[in-house]
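The values are calculated or read from the model by the stated rules, or taken from the named source; none is laboratory data. Owing to the predicted nature of the structure, the values given are computational and were not obtained by experimental measurement. Note that we place each Cβ from the backbone using ideal geometry, even for glycine, and neighbour counts take in every protein chain shown. Calculation scope for accessible area: heavy atoms of the full protein, side chains included, ligands and nucleic acids excluded. Shrake-Rupley method; radii C 1.70, N 1.55, O 1.52, S 1.80 Å.
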Amino acid sequence: MSVTSTDPLLPWQGESWRQLQQLRERLPHALLFYGAAGTGKTRFVEAFAKSLLCESPTPEAHACGVCPSCNWFSQSNHPDYRRVRPEVLEDEPGEDDSGEEKKTAKASKAPSKDIKIDQIRALADFMNVSTHRSGLRVVMLYPAEALNTAAANALLKTLEEPPPGTMFLLLSNRLDRLLPTILSRCRKFALNAPGHDEALAWLKQQGVKDADAWLAEQGGAPLAALEAAQGEGRE
Ligand SMILES: [Zn+2]
């Protein structure tokens, strides 16, 4: 197993990863990662969630990728992990999605762009059962600005009385759209966007033609640019 196989980060995320590890000694119960859309925050936070649940992390605190916990995580069925996101994102493959069991909630109406209160309530059951492995539960929720008012208030109650052994990882593209009460309950963690040259180099590495143009069109956000370029290619 090579070193690169356990480092799932994007080239511009190494320093943030090291900063994050300094929090591990005394992890807050809720972390709010924020930064520009399309710059790889989801990938970063999923890697962190996976590493928190991993049974034998590497010296750099990355998930090992081979323990039972990592295997469950990769198959999107870790019993101590929940991902909360709007319906509209359910078709979007995450870093570790296998691509299977994706067609669960296909309704004929347009998928919701909100995170709804039912999704927050469903977490209560998850948090009430004992954990299966390490004693830690992880909830990843994104984007936090998609929480509608009722859902945000329900989440706030949970954040005010955090269940033991549960770690909330929230992501936001727009901190200014979050309730101040939610903000005040989370430890904020900035995830910086890459510089132009770094973003461009990465895009070219992914085989994107006209990388410069795609990057400019997406305001310098490389993952957004990659998605746009690939979308174009399919048509
Ligand atoms: Zn592992």
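Things to note:
- Distant-in-sequence amide contacts of THR166, defined by a placed amide H-H separation under 5 Å and a gap of 5 or more residues or a different chain, comprise ARG137.
- Dimensionless Rg over Rh [region 4-193; C-alpha; Kirkwood]: 0.93
- Solvent-accessible surface of region 4-193, taken per residue with a 1.4 Å probe and all protein chains present: 51 Å².
- Mean separation of Cα contacts under 8 Å, 6 or more apart, over the residue count of the chain: relative contact order %: 28 percent
- Helix-only CD estimate at 222 nm, as mean residue ellipticity for the chain, using -39500 (n - 2.57) per DSSP H run (n ≥ 4): -10500 deg cm²/dmol
- Accessible area per residue for region 196-235, computed on protein heavy atoms with a 1.4 Å probe, is 65 Å².
- Length-normalised contact order of region 112-154 in % [C-alpha pairs under 8 Å, at least 6 apart]: 72 percent
- Using θ = phi - 60° and Karplus 6.51 cos²θ - 1.76 cosθ + 1.60, couplings along region 141-146 (whole Hz; Gly, Pro as x): 10, 7, x, 4, 6, 7
- Each Lys or Arg adds one and each Asp or Glu takes one away; over the other residues whose Cβ falls under 14 Å from the Cβ of GLN22, this sums to +1.
- Carbon-plus-sulfur accessible fraction, the chain (probe radius 1.4 Å, protein heavy atoms only): 49%.
- Under 24 Å between alpha carbons - lysine pairs in the chain that sit 8 or more apart or on different chains: 20
- Surrounding net charge for ARG187, when Lys and Arg each add one and Asp and Glu each subtract one, Cβ distance under 14 Å: +3
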